[in-house]
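Chemist: I am attaching a structure below and will ask some questions about it afterwards.
The values are calculated or read from the model by the stated rules, or taken from the named source; none is laboratory data. Keep in mind that what you see is a predicted model, and the values were worked out from it rather than measured. Cβ placement follows ideal geometry from the backbone for every residue including glycine, while neighbour counts extend to all protein chains displayed. Remember, those area values only see protein heavy atoms, side chains included, never the ligands or the DNA or RNA. Shrake-Rupley method; radii C 1.70, N 1.55, O 1.52, S 1.80 Å.
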Amino acid sequence: DVKVTQSSRYLVKRTGEKVFLECVQDMDHENMFWYRQDPGLGLRLIYFSYDVKMKEKGDIPEGYSVSREKKERFSLILESASTNQTSMYLCASSLGAGTSVPDTQYFGPGTRLTVL
Amino acid sequence: QKEVEQDPGPLSVPEGAIVSLNCTYSNSAFQYFMWYRQYSRKGPELLMYTYSSGNKEDGRFTAQVDKSSKYISLFIRDSQPSDSATYLCAMSVAAGNKLTFGGGTRVLVKP
């Protein structure tokens with residue numbers, strides 16, 4: 001079974017702090033994704049990566065950056081946390097290019113971040 | 001206007017009833033249509049997917065796609081309390097492309 005783990009289930013930070021959210025997958029997947037989930041807005045893609053050191057902006061990249069130094073690990077960075085970044089953050093991974101069926105995304109349990 | 005619209009619910013039904021969920025979308029290029037289920041305090045997990053138009057059945061679950069109306073549905077027969085969750089539709093243009101999600105519908109199945 002694919003396992004996607006996230007470093008924290010709950011996190012409380014102060015405005016202006018630098019925040020790191022870590023995600024690790026154990027299935028040698030090419031693609032990794034970071035989403036945020038807010039009531040009524042669904043999942044919105046922040047960034048995704050289709051290879052080590054490669055990244056692409058999603059729909060809402062402002063205020064975030066990412067890092068993928070190793071294939072299994074994808075980090076989301078909030079350079080200077082703000083209250084409007086309070087949200088549930090979900091990481092996902094998928095097999096990647098060349099799949100002939102929808103590239104199923106496997107999600108981690110999420111990190112609920114509160115910025116005070 | 002959002003690219004994928006989904007009624008947030010909650011949708012409350014008695015045990016054994018049929019649950020009917022749907023999504024509408026605006027991008028006619030979408031070819032792959034998926035339904036994810038998300039239990040409380042967990043990440044979403046893929047329930048089933050359909051390619052292009054038509055129906056697909058998997059046990060108590062049936063997915064339908066009507067591309068001419070840009071409308072997809074998920075039906076859950078003989079609903080159980082364990083079906084209580086948030087159901088999210090998701091779509092993509094191609095097999096390996098990123099997904100566009102609906103906002104999710106919360107379903108409560110009461111014993």
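Chemist: Looking at the stretch A:55-105, which of the residues that are of a type in the set (Lys, Arg) and not in a loop (DSSP other than H, G, I, E, B) is surrounded by the most Cβ atoms within 10 Å (Cβ to Cβ)? Reasoning before the result, please.
Modeler: Of the stretch A:55-105, the ones of a type in the set (Lys, Arg) are A:55, A:57, A:68, A:70-71, A:73.
Going one step further and asking which of them are not in a loop (DSSP other than H, G, I, E, B), we end up with A:57, A:68, A:70, A:73.
On the way: A:Lys57: 13, A:Arg68: 20, A:Lys70: 10, A:Arg73: 14.
Across the stretch A:55-105, the extreme among qualifying residues is A:Arg68.
Chemist: What tally of residues in the stretch B:6-17 results from selecting those that are surrounded by 15 or more Cβ atoms within 10 Å (Cβ to Cβ) and acidic (Asp, Glu)? I'd like the intermediate steps shown before the answer.
Modeler: Our first condition is that a residue be surrounded by 15 or more Cβ atoms within 10 Å (Cβ to Cβ); within the stretch B:6-17, this holds for B:6-9, B:11, B:13.
Narrowing further to those that are acidic (Asp, Glu): B:7.
The number of residues fulfilling the criteria is 1.
Chemist: If A:Ser49 passes every condition in (1) within 19 Å of A:Gln6 (Cβ to Cβ); (2) touching a residue at least 40 places away in the same chain (Cβ under 8 Å); (3) small (Gly, Ala, Ser) but one, which one does it miss?
Modeler: Condition (2) is where A:Ser49 drops out.
Chemist: While we're here: Which one is nearest to A:Ala92 (Cα to Cα) among residues in the stretch B:38-58 that are open to solvent by less than 60 Å² (accessible area, probe 1.4 Å) and more than 14 Å from the chain's Cα centre (by Cα)? Quick ask: steps written out before the conclusion?
Modeler: We begin by selecting, within the stretch B:38-58, every residue open to solvent by less than 60 Å² (accessible area, probe 1.4 Å); these are B:38, B:43-44, B:46-48, B:50, B:52, B:54.
When the remaining residues are screened for being more than 14 Å from the chain's Cα centre (by Cα), the result is B:43, B:52, B:54.
Working: B:Gly43: 9, B:Ser52: 24, B:Gly54: 28 Å.
My answer is B:Gly43.
Chemist: List the residue pairs whose Cβ atoms are under 6 Å apart, where the first residue sits in the stretch B:74-91 and is touching a residue at least 12 places away in the same chain (Cβ under 8 Å), the second is buried (at least 23 other Cβ atoms within 10 Å of the Cβ) and small (Gly, Ala, Ser), and the two are 6 or more positions apart or on different chains.
Modeler: Once the first residue is touching a residue at least 12 places away in the same chain (Cβ under 8 Å) and sits in the stretch B:74-91, its partners that are buried (at least 23 other Cβ atoms within 10 Å of the Cβ) and small (Gly, Ala, Ser) give B:Thr86/B:Gly104; B:Leu88/B:Gly102; B:Leu88/B:Gly104; B:Cys89/B:Gly102.
Chemist: Right, B:Gly9: within 9 Å of another protein chain (Cβ to nearest Cβ) and in a loop (DSSP other than H, G, I, E, B) or not? Walk me through how you get there before you give the answer.
Modeler: Details: within 9 Å of another protein chain (Cβ to nearest Cβ): no; in a loop (DSSP other than H, G, I, E, B): yes.
The answer is no for B:Gly9.
Chemist: Quick one: A:Leu113 ticks every box in (1) more than 25 Å from B:Ala95 (Cα to Cα); (2) facing chain B (nearest Cβ under 10 Å); (3) among the hydrophobic types (A, V, I, L, M, F, W, C) except a single one, so which number is it?
Modeler: Failing condition for A:Leu113: (2).
Chemist: Look at A:Phe33 and say whether it is under 16 Å from B:Lys98 (Cβ atoms), more than 14 Å from every other protein chain (Cβ to nearest Cβ) and buried (at least 20 other Cβ atoms within 10 Å of the Cβ). Walk me through how you get there before you give the answer.
Modeler: Working: under 16 Å from B:Lys98 (Cβ atoms): yes; more than 14 Å from every other protein chain (Cβ to nearest Cβ): no; buried (at least 20 other Cβ atoms within 10 Å of the Cβ): yes.
In short, no.
Chemist: Being among the aliphatic types (A, V, I, L, M), modelled with pLDDT of 95 or more and farther than 21 Å from A:Ile46 by Cβ: is that true of B:Ala95 here?
Modeler: Details: among the aliphatic types (A, V, I, L, M): yes; modelled with pLDDT of 95 or more: no; farther than 21 Å from A:Ile46 by Cβ: yes.
Criteria not met by B:Ala95.
Chemist: State all residues of the stretch A:36-52 that are of a type in the set (A, V, I, L, M), within 8 Å of another protein chain (Cβ to nearest Cβ) and part of a strand (DSSP E or B); if no residue qualifies, say none.
Modeler: Just the residues of the stretch A:36-52 that are of a type in the set (A, V, I, L, M), to begin with: A:41, A:43, A:45-46, A:52.
Now drop any that are not within 8 Å of another protein chain (Cβ to nearest Cβ), which leaves A:41, A:43, A:45.
Scanning the stretch A:36-52 gives A:Leu43, A:Leu45.
Chemist: Scan the stretch B:59-85 for residues that are in a helix (DSSP H, G or I) and buried (at least 17 other Cβ atoms within 10 Å of the Cβ) and jot them down. Spell out the reasoning first.
Modeler: Step one: list which residues in the stretch B:59-85 are in a helix (DSSP H, G or I), which gives B:81-83.
The answer is B:Asp83, and nothing else.
Chemist: Tell me which residues, restricted to the stretch A:1-30, are open to solvent by less than 70 Å² (accessible area, probe 1.4 Å) and assigned to a strand (DSSP E or B).
Modeler: Those that are open to solvent by less than 70 Å² (accessible area, probe 1.4 Å) and assigned to a strand (DSSP E or B): A:Val4, A:Thr5, A:Gln6, A:Leu11, A:Lys13, A:Val19, A:Leu21, A:Glu22, A:Cys23, A:Val24, A:Gln25.
Chemist: Of all residues in the stretch B:92-109, count the ones that are of a type outside the set (A, V, I, L, M), in a strand (DSSP E or B) and surrounded by fewer than 19 Cβ atoms within 10 Å (Cβ to Cβ).
Modeler: 1
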